[in-house]
Structures are given as C-alpha cells and as structure tokens.
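Structure first, then comments.
The values are calculated or read from the model by the stated rules, or taken from the named source; none is laboratory data. What you see is a predicted model, and the numbers here were worked out from it, not measured in a lab. Note: ideal-geometry Cβ built from the backbone for every residue, glycine included; neighbour counts use all protein chains shown.
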C-alpha cells in the first residue's frame, strides 16, 4: 500500500531533523481510504501522531493546496491523476510514484519514485 510506504519514507525524513524542525512538518492524508485502520495503526507504530493527520474526503481542495509545500501521490495503480494537474496549477511541487501517466504529467516539474521505494531514491524526471 503506497500510503504505508510513504509513512516509512516520511519517518526516515523526520529522523534527520532536529526536534524543533520535526514539530513544523505535517503530513495530511486527503481522500477516501478503504484501509484507514491500517494507516492509523501504522501512524501509531511509527509514533507519527503529532505529524500526521487524516482528513478524509474534502471539497476545499483549492484552500488545502494553498497551504501545501509538496503534494505526494503514492498510488501503485493510477491512470491520469487530476490531483497532479491541480497541484501544478497551484504551483505546488509534486512527488509521485511512477505509475500510469504520472511521469508525462509531471515532466520536469517534479520528482518520480518507484512504487515501494521508501529509501528516498527519488529521481528528477528528464
């Protein structure tokens, strides 16, 4: 599950920060999720409750994008994800898994990682 993999990568990222920096970083999960209990359990196991919030399905996407520093699309299966286009239109950089048409949408404006890559081996799209 891509969201669980992303949590592991997020945890690795936070480990490199001092406590004050860590407090400032927030991860927002937006959308409907069939596996919400798995996500909540993993957030607890990784001790990420102070940094991670599950917002569920939202309608105010424009307002949420306005406060974002990065959009991450962690899907293992995707076609043509409109959320990438919405983020790019709002000038939000994107990090996404290399599935479906994602690398063609992002082109050279973001980062692509292989699905399951939790070790932050991102590559710039050329």
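Some points to look at:
- Each residue in the range 105-120 was checked for being buried (at least 16 other Cβ atoms within 10 Å of the Cβ) and more than 14 Å from the chain's Cα centre (by Cα), and 2 of them qualify.
- In the range 18-36, the residues that are without any contact (Cβ under 8 Å) to a residue 12 or more places away in the chain and loosely packed, with under 10 Cβ neighbours inside 10 Å: 18, 19, 20, 24, 34
- Considering only residues in the range 58-80 that are part of a loop (DSSP other than H, G, I, E, B) and at pLDDT 90 or above, the one that is nearest to residue 103 (Cα to Cα) turns out to be 70.
- Residue pairs meeting the criteria (Cβ under 7 Å; at least 6 apart or on separate chains; first in contact (Cβ under 8 Å) with a residue 60 or more places away in the chain and in the same structural domain as residue 114 (by TED's automatic domain parsing), in the range 1-13; second buried (at least 16 other Cβ atoms within 10 Å of the Cβ) and part of a helix (DSSP H, G or I)): none
- Residue 65 being touching a residue at least 12 places away in the same chain (Cβ under 8 Å) and not assigned by TED's automatic domain parsing to the domain that holds residue 102: no
- Residue check, residue 39 more than 16 Å from residue 25 (Cβ to Cβ), touching a helix residue (DSSP H, G or I) at 6+ places or on another chain (Cβ under 9 Å) and touching a residue at least 24 places away in the same chain (Cβ under 8 Å): yes
- Residue list for the range 81-104, restricted to those being in a loop (DSSP other than H, G, I, E, B) and surrounded by 14 or more Cβ atoms within 10 Å (Cβ to Cβ): 81, 90, 92, 93, 98, 99, 100
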